[in-house]
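Okay, so here's the structure we're looking at.
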Amino acid sequence: DANVTVVQYISKHWSLQSQFVYGTGNTFSLATEEFNSILDIQLLKSNGRNNYRLPPFHQLTLSAHFKKTFDLFEFMLSVSVYNVYNRLNPYYIYIYRDAQNPDDYFLKKVSVLPITPIVNFSIQF
């Protein structure tokens, strides 16, 4: 996995930041066989541990930060955009059985957090 962060201070109070994150996909155990149990229930079986890998994960976050210090406290405001190019990184995968043809299985990828704006405000005493 890799994480690259670049911060540019453009004035005493303002800074810009970009962060790129790349990760190899996590491994997990995917069912590769189907069989009927003694009770005539269809079961799925994996032929080994961690036999499948999710696609690589990557995303870019851009931020602008304003920070000002007063006598008694420090004020900070940050505005960020997470996942700027809206890559739908799969969070997990599940097996889906086709309703039209029950013998066909498909992998469905579930993605979370598309492009997301973030506003953070803090005061420290």
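A short reminder: the numbers here are calculations on the coordinates, not readings from a lab. These figures come from a predicted structure and were not determined experimentally. A quick note on method: Cβ atoms are made from the backbone with ideal geometry, for glycine too, and the neighbour counts reach across all protein chains shown.
Close lysine pairs were tallied over the chain: pairs 8 or more places apart or on different chains with Cα atoms under 27 Å apart number 4.
Here, the chain has an Rg and a Dmax of 22.9, 76 Å when only alpha carbons are counted.
A Gaussian network model of the chain, with springs between Cα atoms under 10 Å, assigns the largest mean-square fluctuation among Ile38, Ile93, Ile115 to Ile38. Proximity of backbone amide H atoms, modeled 1.01 Å from N, is registered between Tyr91 and Val110, Ser111, Val112 at under 5 Å, excluding neighbours fewer than 5 places apart on the same chain. In the elastic network of the chain, a GNM with C-alpha springs shorter than 10 Å, the most mobile of Pro102, Pro114, Pro55 is Pro102. For Phe121, Phe66, the sequence from fewest to most other C-beta atoms within 10 Å is Phe121, Phe66.
Arranged from fewest to most other beta-carbon atoms within 10 Å of their beta carbon, Phe73, Phe125 become Phe125, Phe73.
Over what distance in Å are the Cα centres of the range 1-34 and the range 44-75 separated? Here the two parts' Cα centres lie 6 Å apart.
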